[in-house]
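See below for the structure under consideration.
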Amino acid sequence: MLSRLFAPKVEVSAHCDLPCGVYDPAQARIEAESVKAVQEKYQANEDPHFRARATDIKEQRAELAKHHISVLWSDYFKPPHFEKYPELHQLVNDTLKALSAAKGSTDPATGQKALDYIAQIDKIFWETKKA
């Protein structure tokens, strides 16, 4: 009788720590778009003070983009996702490396490369949301 009294009434399980609506690659994309935009503005301006500020902002935005991708990888994507999309681990790694390269570069091509990788993650992310 005591076991029935203290037994859980409802058993629940969740796919993720919080409702899945809190995860979205758009956060990383927005930060990466900022990186590329700052790189373009940097190229168009010769003022050393402007360039120093631009470099600081670009590096901050790149770190935020890396954070958002890392959170998706560690908190949102689960083993069934990695089974269905075996390229996902490498894609996340390549994205993080591209963001690091963009962080250390003033060439907008590096920002674009990071955006291209994020677009691939975005595609997989939204495919997992359909399932």
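The values are calculated or read from the model by the stated rules, or taken from the named source; none is laboratory data. Since the model is a prediction, treat every value here as computed from it, not as a measurement. Ligands, DNA and RNA are excluded from the accessible area calculation, which covers all protein heavy atoms including side chains. Shrake-Rupley method; radii C 1.70, N 1.55, O 1.52, S 1.80 Å.
Some points to look at:
- Rounded to the nearest 10 square angstrom, D24 shows an accessible area of 50 square angstrom against a 1.4 Å probe.
- Tail beyond 18 Å, pair distance distribution of the stretch 35-107 (Cα, percent): 47
- Violating pairs (Cα-Cα greater than 26 angstrom) within the set K58/K84; K78/K103; K36/K97; K41/K103; K36/K78: K58/K84; K78/K103; K36/K78
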